[in-house]
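Following: one structure in structure tokens, then a few remarks.
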Amino acid sequence: MTAVDTTGHTSSVPRRQPHVRQRCRVLFLNMQECRPLADLGLPSYRDWIAEVTRLGPDQIHMVNVADGDPLPDTIEAHGIIGGGSMHSSYEELPWIRAVKRFLTEAQRRGVPELHICWSHQAKAETAGAVCKVAHHGRRFGIERLTLTPAGRRDPLFHGLPDAFDVFTSHVDAVYDVPRTSPLGPVTELAHGAVYRNESLSIGATARTLQVHPELTAGITAGLARARRPQLIAEGHLGPSDADYAAFLASLDRADQQIRARMRTLLDNWLRYYVAPAMSPPVAAGR
């Protein structure tokens, strides 16, 4: 396994720094308005991130960007996590343009980044890729993620199998990914059963995931409950209550293994990407 540090150098031995989780601070950019999740009876998005990272709430500084919170002038944190959204990354909204500028500058300053779903798409666009409505339609529920040769070498997936199940929910996808960008080389790390480019490396410090490592069976069930008529119309669910119950049961059966593997993935990000940047804390301006 090769570990990549924030300067772009490589090492044949993975870096293992103890107590990373106890000491680190993460900036979480929440791209989803808070009210819709509360209306669905779901916990705060920060709680989702805390669960999968096993960081304390005081270690996660959440900026509710879609609700109008200003992006910070500097980042007093050791890494950035960008979350999902019901918006599309190509919408012409002021906060979306500001996020893309912020993420570009953060990478220029060497801040480790992990981007999920919407943020994966937005980050890919900053590197010159195209995001648009996915040509085979929505993906929802459980997705099989398959690592590319580059993905099998990347420290983000250390200790994970070459193919594994994850929770997913998206209607847009990333296309036309360039091999190089002003932010550094761009490489596909994993693809799904239907779409390519479901995980990317962008330069030495940014990693992206179309899938949702922070989802659980319970959260996915809450989203399914709200979207049930739409999911039936799109063919993701059968129309009967028995079909719906079987779908929920499939989520429950997969939950324990998916959550364990996603904690491993977040452990890897903290260990191999965030830890090398922890002393001194990194700072980035808008």
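The values are calculated or read from the model by the stated rules, or taken from the named source; none is laboratory data. Just so you know, these numbers come straight off a predicted model, no measurement behind them. Counting neighbours? That spans all protein chains shown, and the Cβs are built from the backbone with ideal geometry, glycine included. To get the accessible areas, we keep the full protein, side chains included, count just its heavy atoms, and leave off ligands, DNA and RNA. Shrake-Rupley method; radii C 1.70, N 1.55, O 1.52, S 1.80 Å.
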>> What does the C-alpha gyration tensor say about the overall shape of the stretch 124-228? Classify as rounded when a/c is under 1.5, otherwise prolate if a/b is larger than b/c, or oblate.
In response: oblate
> Which shape class applies to the stretch 32-76: rounded if a/c is under 1.5, otherwise prolate when a/b exceeds b/c and oblate if not, where a ≥ b ≥ c are the square roots of the Cα gyration tensor eigenvalues?
Replying inline: oblate
> For the chain, what is the convex hull volume of the alpha-carbon atoms per residue, in Å³?
Replying inline: 119
> What whole-number value in Å² describes the accessible area per residue of the chain for a 1.4 Å probe?
Replying inline: 42
> Got a number for carbon plus sulfur as a percent of the chain's accessible area, 1.4 Å probe?
Replying inline: 51
> Considering amide H positions built from the backbone, and no H for Pro or chain starts, which residues 5 or more places from Ile81, or on another chain, come under 5 Å of its amide H?
Replying inline: Leu27, Phe28, Leu29, Leu114
> How high is the relative contact order of the chain, in percent, counting Cα pairs under 8 Å that sit 6 or more residues apart?
Replying inline: 25
> Counting DSSP beta bridges with both partners in the chain, what percentage is antiparallel, nearest 5?
Replying inline: 60
>> Going by average Cβ density within 10 Å per residue, which order do the peptides 223-234, 74-85, 259-270 take, highest to lowest?
In response: 74-85, 259-270, 223-234
>> Run the numbers for Arg101 and His136: contour at 0.36 nm per residue of separation, minus the present Cα-Cα distance, in nm.
In response: 9.6 nm
> Exactly which chymotrypsin sites (Phe, Trp or Tyr not before Pro) in the stretch 97-159 are in a DSSP loop and have at most 11 other Cβ atoms within 10 Å?
Replying inline: none
>> Per DSSP helix of 4 or more residues, -39500 (n - 2.57); summed, then divided by the residues of the chain. What does that give at 222 nm, rounded to the nearest 500?
In response: -10000 deg cm²/dmol
